[in-house]
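A.B. asks: Let me begin by handing over the structure; questions about it come next.
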Amino acid sequence: MEILLHYCWKHRLLPLGELRTTEGHVVEVIDPGLLNHDAGPDFFNAKIRIDGIEWAGNVEIHDHSRDWYRHGHETDAAYNNVILHVVADADTDDVRTAEGKRLPQFVISVPERVKQNYEELLSTDSYPPCYRIIPELKPLFVHSWMAALQTERLQQKTEEVNTRLEQLNGDWEHAYFVTLARSIGFGSNSDILEMWARNLPLQAVAHHRDDIFQVEAMFYGQAGMLNVAAVRERMKLETAADDYFQRLSNEYEYLSHKFRLNGNSTATAGAYPWKFMRMRPQNYPHIRIAQLARLYHEGRTSLMQLVECDSVDKIRRLLRCGVSPYWEDHYTFGHDSTHNTKQLSKSSLDVLIINCAIPMIFAYGRSAAKESLCERAFDLLDELKAENNNITRMWQEVGLQVKTAGDSQALIQLKKRYCDRKDCLRCRIGYEYLRVK
């Protein structure tokens with residue numbers, strides 16, 4: 001299996017004794033190089049000696065020598081800098097680059113124990129499959145890997161923010177609002193809220209920011225919620241008869257004409273498939289939009305305000321919000337409910353901080369080359385308690401300590417990026433499993 005050959009080469013699990021090419025030349029591996037995850041040779045910037053002569057370049061690895069030709073490398077100039085062809089089976093002794101250079105070949109085999117341990121990792125149904133060695137891992141090793149995973153997760157979220165920035169022509173404030181809207185959906189309507197927020201004409205809404213009624217008219221109108229045709233059948237009569245619904249509809253009709261908007265038109269009324277099934281009323285999209293409208297109206301969706309917050313408590317105060325008076329007695333249009341200010345709970349605020357505020361601070365810090373903001377992102381994660389979910393509980397059960405949000409975010413990254421993909425060979429714990437067990 002080629003992936004195991006990569007593992008053996010990277011970690012120098014090579015035959016004992018003097019190493020030689022297939023033609024008998026003495027080989028010394030000075031540096032195996034850097035594993036390439038993209039197109040091109042498997043390892044970049046390797047250093048080797050062949051018969052005492054030092055070579056620097058790339059290394060390509062295959063199960064069989066003939067795979068070089070099966071993959072078309074002999075005509076690909078990207079492989080001209082290959083200095084060594086590493087294989088498990090040298091089934092041809094003539095391997096050449098597009099320039100006609102004949103490559104030296106080196107045969108390695110995967111140790112039997114590595115094969116067996118890798119098969120165990122792939123076939124074990126328990127999660128995590130490496131659970132047996134977790135209690136044996138040294139604290140320094142665990143800390144180092146968790147720190148790397150934290151950075152990896154924040155970098156992944158930074159890429160998501162950068163994608164939104166591209167879609168919004170570099171508008172950081174709008175990108176922050178979209179990220180906030182996605183996060184406040186808490187999973188159920190996150191994708192839809194992100195789409196809605198991305199299409200929201202915030203420059204137009206800004207003209208009426210000081211009037212919560214007009215902000216709500218724009219927000220609900222653009223969400224398609226002020227068109228009776230988009231309302232669920234069993235709720236249409238009550239919704240259409242609701243006074244606040246009628247007033248918002250009339251206001252949005254005026255504003256949409258003023259700014260040439262079409263979010264409430266019959267054509268776009270069904271554009272957002274809002275979810276309600278198996279959901280607590282507190283998480284209905286009407287309430288999440290009402291909370292966003294209140295934050296926006298009060299000027300608390302500013303990225304510049306966020307980056308000025310240097311503690312979790314300050315961010316909590318910035319994002320803590322309720323709803324306008326109508327929504328304190330309703331979960332949807334036309335249906336009364338028990339009076340409730342519908343403020344975000346402390347636990348919900350902390351989820352927003354983890355999934356929105358901290359990634360935005362980190363992403364902005366990277367973009368503006370402000371290392372202090374990036375460091376603050378890590379400090380904020382350490383200030384928050386760990387999330388309590390299935391992933392963190394499973395790791396705790398096998399012996400890993402999970403104390404901070406930084407720990408829980410690292411373990412979420414570990415599961416989604418490595419465990420779920422069975423990418424054990426690129427996981428440091430997987431490496432320990434193969435090496436130690």
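A.B. asks: Quick one: helix 212-222 against the long Cα principal axis of the chain, what's the angle to the nearest 10°, folded into 0 to 90?
C.D. replies: So the helix axis and the longest Cα principal axis differ by about 60 degrees.
A.B. asks: I'd like to know which of F362, V307, Q282 lies farthest towards the positive end of the charge dipole of the range 152-382, counting +1 on Cβ of Lys and Arg and -1 on Cβ of Asp and Glu.
C.D. replies: Towards the positive end, the residue furthest out is Q282.
A.B. asks: Now a separate question. DSSP beta bridges in the chain, what fraction antiparallel, as a percent rounded to 5?
C.D. replies: Details: 18 of 27 bridges.
The antiparallel fraction comes to roughly 65 percent.
A.B. asks: Which value, in debye to the nearest 20, describes the size of the charge dipole of the chain about its Cα centre when Lys and Arg Cβ atoms bear +1, Asp and Glu Cβ atoms bear -1, and nothing else is charged?
C.D. replies: Numbers: 53 positive and 60 negative charges, 228 e Å.
Dipole about the Cα centre, nearest 20: 1100 debye.
A.B. asks: Moving on. Compare the Cα positions of Q291, L373, V86 along the charge dipole of the chain (+1 at Cβ of Lys, Arg; -1 at Cβ of Asp, Glu; about the Cα centre) and return the one farthest towards the positive end.
C.D. replies: Q291
A.B. asks: Post the alpha-carbon centroid distance, the range 123-165 to the range 201-264, in whole angstrom.
C.D. replies: 44 Å
A.B. asks: Continuing with this model, one more query. Using the Karplus curve 6.51 cos²θ - 1.76 cosθ + 1.60 with θ = phi - 60°, what ³J(HN,Hα) values do you get for each residue of the range 141-151, in whole Hz, with x for Gly and Pro?
C.D. replies: Karplus-based 3J(HN,Hα) across the range 141-151 equals 5, 4, 4, 4, 5, 5, 4, 5, 5, 4, 4 Hz.
A.B. asks: For the range 2-110, what is the largest minus smallest coordinate of the Cα atoms on each principal axis, given in angstrom and ordered from greatest to least?
C.D. replies: 35, 27, 25
A.B. asks: Here is a follow-up. What would the Debye equation give as log₁₀ I(q)/I(0) for the range 111-222 at q = 0.16 Å⁻¹, counting only Cα atoms as equal point scatterers?
C.D. replies: Results for the range 111-222 at q = 0.16 Å⁻¹ read -0.86.
A.B. asks: Subtracting the Cα-Cα distance from 0.36 nm times the residue separation, let me have the gained length for Y69 to K115 in nm, one decimal. Write down the numbers at each step before the final one.
C.D. replies: Details: separation 46, 0.36 × 46 = 16.56 nm, distance 2.67 nm.
Here the answer is 13.9 nm.
A.B. asks: Report the Stokes-Einstein translational diffusion coefficient (µm² s⁻¹, integer) for the range 152-382, Rh taken as the Kirkwood radius over Cα pairs, at 37 °C with viscosity 0.692 mPa s.
C.D. replies: Details: Rh = 18.1 Å.
Calculated translational D: 181 µm²/s.
A.B. asks: Continuing with the same structure: What FRET efficiency would be calculated for the residue pair K258, K370, taking the C-beta separation as r and a Förster radius of 35 Å, to the nearest 0.05?
C.D. replies: The pair K258/K370 has a calculated efficiency of 0.35.
A.B. asks: So if I place +1 on the C-beta of Lys and Arg and -1 on the C-beta of Asp and Glu, and nothing else carries charge, what would the dipole magnitude of the range 152-382 be about its Cα centre? I want it in debye, nearest 20. Before the final figure, lay out the partial values.
C.D. replies: On the way: 27 positive and 29 negative charges, 71 e Å.
Dipole about the Cα centre, nearest 20: 340 debye.
A.B. asks: Ranked highest first by average number of other Cβ atoms within 10 Å, how do 373-383, 305-315 line up?
C.D. replies: Details: 373-383: 18.3, 305-315: 16.3.
The most tightly packed comes first, giving 373-383, 305-315.
A.B. asks: Right, another one. With each label point set 7 Å from Cα along the Cα-Cβ vector, what nm distance links D243 and A206?
C.D. replies: Result: 3.5 nm between the two label points.
A.B. asks: For the range 1-67 and the range 271-320, what is the separation of their C-alpha centers, rounded to whole Å?
C.D. replies: Cα centroid to Cα centroid, the span is 53 Å.
A.B. asks: Right, another one. Stretch T341-A98 to full length: gain in nm at 0.36 nm per residue minus the Cα-Cα span? Don't skip to the answer; put the middle values down first.
C.D. replies: Details: separation 243, 0.36 × 243 = 87.48 nm, distance 7.06 nm.
Here the segment from T341 to A98 would lengthen by 80.4 nm.
A.B. asks: Taking R0 as 30 Å, what's the FRET efficiency between L16 and E54 from their Cβ-Cβ distance, rounded to 0.05? If you can, show how the numbers build up before the last one.
C.D. replies: Details: r = 23 Å, r/R0 = 0.76.
Step by step, r from the Cβ atoms, then E = 0.85.
A.B. asks: Under 20 Å from the 7 Å Cα→Cβ point of V107, by amide nitrogen: which residues of the range 16-56?
C.D. replies: 16-29, 50-51
A.B. asks: Let me ask something additional. Using a 10 Å cut-off on Cβ atoms, rank the peptides 341-347, 225-231 from the highest mean neighbour count down. Don't skip to the answer; put the middle values down first.
C.D. replies: Details: 341-347: 14.0, 225-231: 20.1.
Highest mean packing first, the order is 225-231, 341-347.
A.B. asks: Quick check on packing: order 72-78, 3-9 by the mean number of other C-beta atoms within 10 Å, highest mean leading.
C.D. replies: Values: 72-78: 13.4, 3-9: 19.7.
Order by mean packing, descending: 3-9, 72-78.
A.B. asks: Report, in deg cm²/dmol and to the nearest 500, the calculated mean residue ellipticity at 222 nm for the chain, where each DSSP H run with n ≥ 4 adds -39500 (n - 2.57) and the sum is divided by the residue count. The partial results should precede the final answer.
C.D. replies: Numbers: 19 runs with 197 residues, N = 437.
The per-residue figure over the chain is -13500 deg cm²/dmol.
A.B. asks: Which percent, to the nearest 5, of DSSP beta bridges fully inside the range 2-110 are antiparallel?
C.D. replies: Working: 15 of 24 bridges.
In the range 2-110, DSSP labels about 60 percent of beta bridges as antiparallel.
The numbers here are math on the coordinates, done by the rules we state, and not lab data. As the structure is a prediction and not an experimental result, all values here were calculated from the model. Here Cβ is always computed from backbone atoms with ideal geometry, including for glycine, and neighbour counts include all displayed protein chains.
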